[in-house]
Number of protein chains: 2
Amino acid sequence: MATMEFQAARQPVRRTGGRSARVRAAVIDATLAALLTRGLDDLSITEIAQQAGVHPTTIYRRWGGRSNLALDAVLSGTEAEIPPPDTGSLRGDLLAVIRGIFPFLRTPLGELLVRLALRRDLPEYEAARGGYWAQRFRAGAALFERARARGELRADVDPVLALETLVGPMYVRMLMTGEPLDDALLVRCVDLVLDGIATRPR
Amino acid sequence: MATMEFQAARQPVRRTGGRSARVRAAVIDATLAALLTRGLDDLSITEIAQQAGVHPTTIYRRWGGRSNLALDAVLSGTEAEIPPPDTGSLRGDLLAVIRGIFPFLRTPLGELLVRLALRRDLPEYEAARGGYWAQRFRAGAALFERARARGELRADVDPVLALETLVGPMYVRMLMTGEPLDDALLVRCVDLVLDGIATRPR
DNA sequence: CAGATAACGCAAGCTAAGTAGCGATAAGAT
DNA sequence: ATCTTATCGCTACTTAGCTTGCGTTATCTG
């Protein structure tokens with residue numbers, strides 16, 4: 001044994017910017033387009049491959065299935081962070097929060113993200129789902145701390161439950177009843193969460 | 001022409017109780033079982049047919065696809081009506097409402113119903129969805145009328161929005177965050193909707 | 001009991017999803 | 001500039017979903 005080529009189990013060399021990157025970009029773009037027009041379940045790998053100018057086998061090899069492909073495409077298109085607001089009042093902050101979420105949810109990409117998050121038959125999403133929503137809801141914690149310091153918040157209020165109650169009707173209408181949903185309703189949601197529906201505190 | 005058999009464009013003769021009925025019952029049962037174990041998307045018509053002792057072709061002919069089959073099965077298994085409660089107080093009524101919904105949602109059939117309602121790629125469901133949820137939410141109207149007569153309800157409260165706000169967190173937790181959900185949380189949901197989170201009414 | 005026929009079973013075939021093997025190409029390293 | 005090899009394209013194949021056509025059975029009507 002003259003030359004002992006010690007070759008550690010190295011991972012494949014990245015080819016950033018080369019053909020691989022071009023192929024990936026083309027496929028992701030085509031997948032997003034297909035997702036927005038045809039939905040998740042009617043996704044045709046062959047059609048995406050044609051649209052991207054790529055052979056279907058390539059997609060099957062790189063992504064392995066439509067779940068991974070869709071997840072990769074959506075997460076690639078959703079990098080925006082929503083900064084927590086600080087308007088000086090609890091009502092203003094809550095209004096800013098819900099007004100920050102609402103327009104995004106009306107976006108085709110936003111609705112797609114929500115629908116992906118609801119799927120339970122895609123094991124690839126189970127890991128991403130919990131972390132995504134937890135982060136999104138925890139971001140509002142500071143908001144409630146400030147309100148409590150200002151004396152605007154009842155003592156026994158759970159911030160997470162309050163946020164869930166705030167945005168709950170929005171999701172219920174979007175996903176189930178399909179009833180109309182506009183900015184005026186968002187204001188009513190905020191005021192309902194703030195004041196409740198009872199005539200006087202018990 | 002001796003006998004003029006006037007034969008209007010009659011619809012196929014119903015064969016209630018015969019082989020057709022038996023086949024239908026067997027297929028519906030097998031479909032429900034398959035839905036509860038394998039989910040909607042991994043549904044195998046061939047497997048259901050074997051389970052029901054029926055040829056796959058029969059299912060394709062009668063139902064035409066898995067969407068119709070699943071919808072028929074679920075609606076056949078969900079005939080229970082939830083009577084609107086009347087406990088004498090707004091808080092008691094709201095608690096009864098949410099306590100009536102919650103256990104059903106934890107049922108496999110309940111969760112299945114919710115997930116079916118969330119699907120937008122099944123045109124068969126679009127018609128059923130709106131009516132189902134509208135009825136479910138309108139059933140609570142009387143509840144609020146009584147509360148208003150007792151002077152327990154603020155004047156400007158929208159009953160539908162109030163109900164959506166009440167059950168919103170429950171759905172958010174079940175569908176998105178996956179956070180724990182028990183009876184104690186239901187009580188907190190009711191109290192939050194009743195009293196709000198602000199220290200004093202504006 | 002005796003037609004008429006709706007509904008079912010069966011076999012064959014079509015389409016699309018997904019996989020495997022193999023040669024070709026181009027990105028990256030020496 | 002040249003070599004190595006990760007990645008891609010191509011063909012062929014397997015599998016499952018679904019449809020079609022035809023003969024058979026069981027139900028309903030008279």
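Rounded, prolate or oblate: pick one for the protein assembly as shown, where a ≥ b ≥ c are the square roots of the eigenvalues of its C-alpha gyration tensor, a/c under 1.5 means rounded, and failing that, prolate if a/b is larger than b/c, else oblate. Write down the numbers at each step before the final one.
Numbers: a/c = 2.20, a/b = 1.08, b/c = 2.04.
Cα axes put the protein assembly as shown in the oblate bin.
Just how many % of Cα pairs in the range A:19-77 lie over 15 Å apart, if you round to the nearest whole percent? All intermediate terms of the calculation are to be shown ahead of the outcome.
Numbers: 631 of 1711 pairs.
Within the range A:19-77, distances greater than 15 Å cover 37 percent of Cα pairs.
Pairs of alpha-carbon atoms within less than 8 angstrom and 6+ residues apart define the contacts here; what relative contact order does chain B have, in percent? Could you put the intermediate results ahead of the total?
On the way: 122 pairs, mean separation 33.1, N = 202.
After rounding, I find 16 percent.
Return the chain B residue and its Cβ-to-axis distance, rounded to the nearest Å, for the rotation relating B to A.
B:168, 1
Report the FRET efficiency, 1/(1 + (r/R0)^6), for residue B:107 and residue A:145, where r is their Cβ-Cβ distance and R0 is 41 Å, rounded to 0.05.
Details: r = 39 Å, r/R0 = 0.94.
The formula returns an efficiency of 0.60 here.
Label position 7 Å from Cα toward Cβ: report the copy-to-copy distances for residue A:100 in nm, one decimal, ordered from shortest.
3.9
Taking a ≥ b ≥ c as the square roots of the Cα gyration tensor eigenvalues, with a/c under 1.5 meaning rounded and otherwise prolate when a/b beats b/c, else oblate, which class fits chain B?
Prolate, since a/c reaches 1.5 and a/b exceeds b/c.
Given the C-alpha centroids of the range A:119-184 and the range B:60-121, what is the distance between them in whole angstrom?
Value for the Cα centre distance between the two parts: 24 Å.
State whether the range B:129-196 is rounded, prolate or oblate according to the following rule on the C-alpha gyration tensor (a ≥ b ≥ c being the square roots of its eigenvalues): a/c under 1.5 gives rounded; otherwise a/b larger than b/c gives prolate, and the remaining case gives oblate.
Note, shape of the range B:129-196 comes out oblate.
Return a whole-number percent for the relative contact order of the range B:67-159, with Cα pairs under 8 Å and 6 or more residues apart as the contact set. Mind dumping the intermediate values first?
Values: 42 pairs, mean separation 29.4, N = 93.
Relative contact order of the range B:67-159: 32 percent.
Compute the label-point distances linking residue A:187 to its equivalents in the other copies; points lie 7 Å from Cα along Cα→Cβ; give nm, one decimal, shortest first.
3.7
Which distances in nm, rounded to one decimal and ordered from shortest, link the label point of residue A:75 to the equivalent label points in the other identical copies, with labels set 7 Å from Cα toward Cβ?
Inter-copy label distances (nm, one decimal, shortest first): 3.9.
If you take each beta carbon of peptide B:151-161 and count the beta carbons of other chains within 10 angstrom, what is the mean?
Values: counts 2, 4, 3, 7, 1, 5, 7, 4, 1, 5, 9.
Taking the mean over all residues of the peptide, I get 4.
Would you mind telling me the share, in percent, of accessible area of the range B:19-77 contributed by carbon and sulfur at probe 1.4 angstrom? The partial results should precede the final answer.
On the way: 1470 of 3130 Å².
Accessible surface attributable to carbon and sulfur in the range B:19-77 totals 47 percent.
Please compute, for peptide B:110-118, the average count of beta-carbon atoms on other protein chains lying within 10 Å of each residue's beta-carbon. Mind showing how you got there, number by number?
On the way: counts 0, 1, 0, 0, 3, 4, 0, 4, 6.
Other-chain Cβ atoms within 10 Å of each residue's Cβ, averaged: 2.
Run the quick spin-label model on residue B:126 and residue B:184: label points 7 Å from Cα toward the beta carbon, then report their separation in nm to one decimal.
4.5 nm
Find the sum over both chains of the accessible area lost when B and A are paired, probe 1.4 Å, and report it in Å² to the nearest 100. Please list the in-between numbers first.
Numbers: alone 13220 and 13290 Å², together 21880 Å².
So the total buried area for this chain pair works out to about 4600 Å².
Among all stretches of chain B without exposed GluC sites (Glu not before Pro) (DSSP loop, at most 15 other Cβ atoms within 10 Å), which one is longest? Can you show the working numbers first?
Details: sites that count: B:5, B:79, B:81.
Counting only loop sites that pass the neighbour cut-off, the longest clear stretch is B:82-202.
Taking the range B:82-167, which trypsin sites (Lys or Arg not before Pro) meet the DSSP loop condition and have no more than 12 other C-beta atoms within 10 Å? Please list the in-between numbers first.
Details: sites: B:91, B:99, B:106, B:115, B:119, B:120, B:129, B:136, B:138, B:146, B:148, B:150, B:154; in loops: B:119, B:120, B:150, B:154.
In loop regions of the range B:82-167 (DSSP not H, G, I, E or B), the sparsely surrounded trypsin sites (Lys or Arg not before Pro) are B:150.
The values are calculated or read from the model by the stated rules, or taken from the named source; none is laboratory data. Bear in mind that the values here come from a model prediction, so they are computed numbers and not experimental data. Every residue, glycine among them, receives a Cβ derived from its backbone with ideal geometry; neighbour counts consider all protein chains shown. Areas reflect the complete protein model, heavy atoms only, side chains present, ligands, DNA and RNA absent. Shrake-Rupley method; radii C 1.70, N 1.55, O 1.52, S 1.80 Å.
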